[in-house]
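Colleague: The structure's right below; bear with me while I get my questions together.
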Amino acid sequence: QTRFKVAVLAGDGIGPEVMAEAHKVLNAVEARFGLTFERTDALVGGAAIDAVGQPLPPQTLSICQQSDAILFGSVGGPKWTGLAPDQQPERGSLLPLRKTFDLFCNLRPGQIYPAFADLSPLHPRVSSQGMDVLCVRELTGGIYFGEKGRGEDSAFDTQTYSKAEISRIARVAFEAAQKRSHKVTSIDKANVLQTSILWREVVTEVAKDFPDVALEHMYIDNAAMQLIRSPQQFDVLLCDNLFGDILSDELAAIAGSMGLLPSASLNGSGFGLYEPAGGSAPDIAGKGIANPIAQILSAALMLRYSFGLEEAAKAIEQAVQQCLQQGIVTRDIQPDSSYGTADVGSAIANAIAGA
Ligand code: NAD
Ligand code: IPM
Ligand code: MN
């Protein structure tokens, strides 16, 4: 297969800016590998609210349904925070998309490459040892999707996990570890939370099917600390929805920037939504300085996981490395850099074309 349909949902803030660079890179991949990525733009988030009055228009949903994958930018921003919670871009578009397509498995890979250790804010004593962590985050359950309520003087959110929800994400983590360094660290708060006690039980049970993978349990607070103290101790982090959200931002910062961390949200049968782990970055939107790498690497993950185009995915990843090596980077990683979003995107696209 050489033709693939992609729903492109750029969204808000820096979303459209970094998406433009992902397009350049996909164009370069098409030319080099003789592929066609048939791309259809669709409105989502605040941009959709402004244009048609709702964050996830039916038209957008149907474009997604007719596509082989979704390439997503980011949604949300100060303009829409006054709306009712379930009308806001995040809860009104991104969460329903994850639920509708049963994208229960969120993969967020974070690395410190020894050659780029100085991108990391960690002390060289720590960063020089490198880091290669895959965060496997449960994405369609937990406190994000539990019953919620708001009274005049109080509010509540509830967290529920079933054995089935825990075991399916645990399996993904163990299978990933088998292809990596054979270690899973399962994150919970089993000293306080009932859902965490069940999480620990189920993960321990699933581990029996993977005797070649070492399993360790760690409390979330300790994990947040250990990641900074010695990130090289981790291989696969298995997290519930909320803990994975938090630790993945930490991974991004340790790797060097929020603008470097891609993510794949998968349903187990090849369909996926691919987006940067970071958000719409209202503080830098419109300035042409956002780092496009997380969006570009998310496109690479789409080629790998939804299209089976491993060689093309690697070509993108190598071009990103080359660009970092040449110091063509935005100022989130090099504060005195004069390169902008478009410079980095073009450099990566050129590296793919020239190779
Ligand atoms: P954020 O990730 O947007 O920004 C946090 C910090 O990281 C900011 O200083 C920002 O400038 C920086 N940053 C993020 N991506 C960057 C990039 N590519 N290049 C350079 N710097 C980058 O998080 P926030 O400020 O907490 O949230 C802003 C909005 O984005 C909120 O509405 C939030 O709900 C939303 N959000 C959306 C998504 C998504 O659509 N997937 C993810 C996270 C946050
Ligand atoms: C992320 C984001 C989302 C999340 C928000 C925007 C709902 O922070 O993808 O990490 O919390 O999952
Ligand atoms: Mn997040």
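A short reminder: the numbers here are calculations on the coordinates, not readings from a lab. Only a predicted model underlies this, so the values are computations on that prediction, with no experimental measurement involved. No Cβ is skipped: glycine too gets one built from the backbone with ideal geometry, and neighbour counts run over all protein chains shown.
Colleague: How big is Rg to Rh over region 224-334, alpha-carbon atoms, Rh as the Kirkwood inverse-mean-distance radius?
Modeller: Ratio of gyration radius to Kirkwood radius for region 224-334: 0.97.
Colleague: Rounded to whole Hz and in sequence order, give me ³J(HN,Hα) for region 323-336 from the Karplus expression 6.51 cos²θ - 1.76 cosθ + 1.60, θ = phi - 60°, writing x for Gly and Pro.
Modeller: 5, 4, 4, 7, x, 8, 9, 7, 7, 5, 9, 9, x, 9
Colleague: Next up: If I take the Cα coordinates of region 1-127 and project them onto the principal axes, what are the three extents in Å, biggest first?
Modeller: Principal-axis extents of the Cα atoms in region 1-127, largest first: 50, 42, 27 Å.
Colleague: Moving on to the next point. For region 296-344, take the alpha-carbon Rg, divide it by the Kirkwood Rh, and send me Rg/Rh.
Modeller: Here Rg/Rh amounts to 1.09.
Colleague: Can you give me the Cα centroid spacing of region 27-53 and region 324-349 in angstrom?
Modeller: 23
Colleague: List the pair-distance distribution P(r) of region 15-83, using every Cα-Cα distance, as the percent of pairs falling in each 5 Å bin from 0 up to the bin containing the longest distance, rounded to whole percents.
Modeller: Calculated P(r), rounded to whole percents: 3, 14, 21, 22, 18, 10, 6, 3, 1, 0.
Colleague: Then there's this: Treating cross-link reach as a plain straight distance, find the lysines whose alpha-carbon is under 25 Å from the alpha-carbon of Lys148, omitting any fewer than eight places away in the same chain.
Modeller: Lys79, Lys99, Lys163, Lys189
Colleague: Hey, another quick one. Mind listing P(r) for region 67-143? All alpha-carbon pairs, 5 Å bins, whole percents.
Modeller: Going from the shortest bin to the longest, the percentages are 3, 12, 15, 15, 13, 13, 13, 11, 5, 0.
Colleague: Let me ask something else about it. Per residue of region 293-302, in order, report the coupling 6.51 cos²θ - 1.76 cosθ + 1.60 (Karplus, θ = phi - 60°) as ³J(HN,Hα) in whole Hz, putting x for Gly and Pro.
Modeller: After applying 6.51 cos²θ - 1.76 cosθ + 1.60, I find 5, 4, 5, 5, 5, 5, 5, 4, 5, 4 Hz.
Colleague: OK, next. For region 39-49, what does the Karplus curve 6.51 cos²θ - 1.76 cosθ + 1.60, with θ = phi - 60°, yield as ³J(HN,Hα) per residue in whole Hz, taken in order and with x for Gly and Pro?
Modeller: Once θ is set to phi - 60°, the couplings for region 39-49 become 9, 10, 6, 9, 6, 8, x, x, 4, 6, 4 Hz.
Colleague: Right, next: Once you have a ≥ b ≥ c as the square roots of the Cα gyration tensor eigenvalues for the chain, tell me rounded if a/c is under 1.5, and otherwise prolate or oblate according to whether a/b is larger than b/c.
Modeller: rounded
Colleague: Related question: Which of the peptides 336-342, 93-99, 79-85 is most tightly packed, and how do the rest follow, going by the mean number of other Cβ atoms within 10 Å of each residue?
Modeller: Averaged packing, sorted descending, gives the order 93-99, 336-342, 79-85.
Colleague: Using alpha carbon centroids, what distance separates region 117-170 and region 213-227, in Å?
Modeller: One Cα centre to the other: 12 Å.
Colleague: Would you mind checking which residues have amide H under 5 Å from Arg39's amide H? H placed 1.01 Å from N; only 5 or more apart, or other chain.
Modeller: HN-HN under 5 Å from Arg39: Val6.
Colleague: For region 64-211, give the magnitude of the charge dipole about the Cα centre (Cβ charges: +1 Lys/Arg, -1 Asp/Glu; no others), in debye to the nearest 20.
Modeller: It works out to roughly 340 debye.
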